[in-house]
1. Can you tell me which of V113, V108, V103, V64 is at pLDDT below 95 and either touching a strand residue (DSSP E or B) at 6+ places or on another chain (Cβ under 9 Å) or surrounded by fewer than 15 Cβ atoms within 10 Å (Cβ to Cβ) (or both)?
2. Check segment 29-37 and report whether any residue there is surrounded by 10 or more Cβ atoms within 10 Å (Cβ to Cβ) and either among the aromatic types (F, W, Y) or at pLDDT below 65 (or both).
3. Can you go through L87, L83 and tell me which one is in contact with a Pro (Cβ under 6 Å, 6 or more places away or on another chain) and buried (at least 20 other Cβ atoms within 10 Å of the Cβ)?
4. Select from segment 197-226 the residues that are in contact (Cβ under 8 Å) with a residue 24 or more places away in the chain, among the hydrophobic types (A, V, I, L, M, F, W, C) and closer than 21 Å to A176 by Cα and list them in ascending order.
5. What residue, among those in segment 194-220 that are part of a loop (DSSP other than H, G, I, E, B) and of a type in the set (G, A, S), is surrounded by the fewest Cβ atoms within 10 Å (Cβ to Cβ)?
6. Pull out all pairs, ordered by first then second residue, where Cβ-Cβ is under 6 Å, the residues are six or more apart or on different chains, the first lies in segment 247-258 and is part of a helix (DSSP H, G or I), and the second is surrounded by 13 or more Cβ atoms within 10 Å (Cβ to Cβ) and among the small types (G, A, S).
7. Among the residues of segment 135-166, how many are assigned to a loop (DSSP other than H, G, I, E, B) and over 14 Å from the mean Cα position of the chain (by Cα)?
8. Of all residues in segment 160-191, how many are surrounded by 14 or more Cβ atoms within 10 Å (Cβ to Cβ) and either within 15 Å of V113 (Cβ to Cβ) or touching a Gly at 6+ places or on another chain (Cβ under 7 Å) (or both)?
Amino acid sequence: MHTGLDWYAARAALEWQMEMGVFEVISEGPVDRFAIEVEAKAAREQKKRGGTGVAAPIVQEPEVDPVAEAAAAAKAVGTLDSLKAALASFEHCELKRGARNLVFSDGVPGARVMIVGEAPGRDEDLQGKPFVGKAGQLLDRMLAAIGLNRAESVYITNVMPWRPPQNRDPKPEEIAMMKPFLERHIALAEPDVLVIVGNISCQALLGKRGITRLRGQWAEACGKPALPMFHPAYLLRNPAAKREAWADLLELKAKLGA
């Protein structure tokens, strides 16, 4: 920008500002100092190797699509063990960095009933298994009431294999990231019936929320009959809802009997 000052006047003005303590000049546009530092570092490295000291142009890495990466990783596996290993090596979900353990599954692979929960809590994160806290104990009692148990006749997993911080709800992008693994999990476990527990699970497998409206109504998910139910943690907070939960358990029992 032209200021109307000749060279000598401009220099005198600059020297005066330096004497007054000015130590930084603000430009008219933004400066990417991180890029400047990267270029300078590249130039120093090149100079050490005997180069000219001129930094090579910075090549932008292509953006990674975590959902596509998850889909490719899930599609490539053929067993539950390899699926667990693929999940353990998946690096695009930030929840992994704050969790103690990968929570993959519990129960009997190949059981007729597969329960899909939401996300691990504190106890699940510590033990690396789904539904082992108070909600899990209630779930075990609910299953026992209709002759089921995780040791012989039920297989259990979660939408999210890692605990969200402070037990917050998983974000939509986190659910989308884990959905290909969940779908592959269901395909490899081959249950006859899915029990979808809680809103997060309904969102992932049915594309809907509103468990109070959805519960007890048979739907289809991943090509399987699916029954949405209240989460046991919700039942602990709202004991009056156990009547509806019992009705849903009877629905499940009747389906298995049929």
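1. So the residue among V113, V108, V103, V64 that is at pLDDT below 95 and either touching a strand residue (DSSP E or B) at 6+ places or on another chain (Cβ under 9 Å) or surrounded by fewer than 15 Cβ atoms within 10 Å (Cβ to Cβ) (or both) is V64.
2. So far as segment 29-37 goes, no, none of its residues is surrounded by 10 or more Cβ atoms within 10 Å (Cβ to Cβ) and either among the aromatic types (F, W, Y) or at pLDDT below 65 (or both).
3. The match here is L87.
4. Listed by number, the residues that qualify are V197, I200, C202, A204, L205, A221, C222, A226.
5. Filtering segment 194-220 for residues that are part of a loop (DSSP other than H, G, I, E, B) and of a type in the set (G, A, S), the one surrounded by the fewest Cβ atoms within 10 Å (Cβ to Cβ) comes out as G207.
6. D248/G216
7. Looking only at that region, the number is 9.
8. Selection size over segment 160-191: 5.
The values are calculated or read from the model by the stated rules, or taken from the named source; none is laboratory data. For clarity, every value in this text was computed on a predicted model and none was experimentally measured. Don't worry about glycine lacking a Cβ; one is built from the backbone with ideal geometry, like all the others, and counts go over all protein chains shown.
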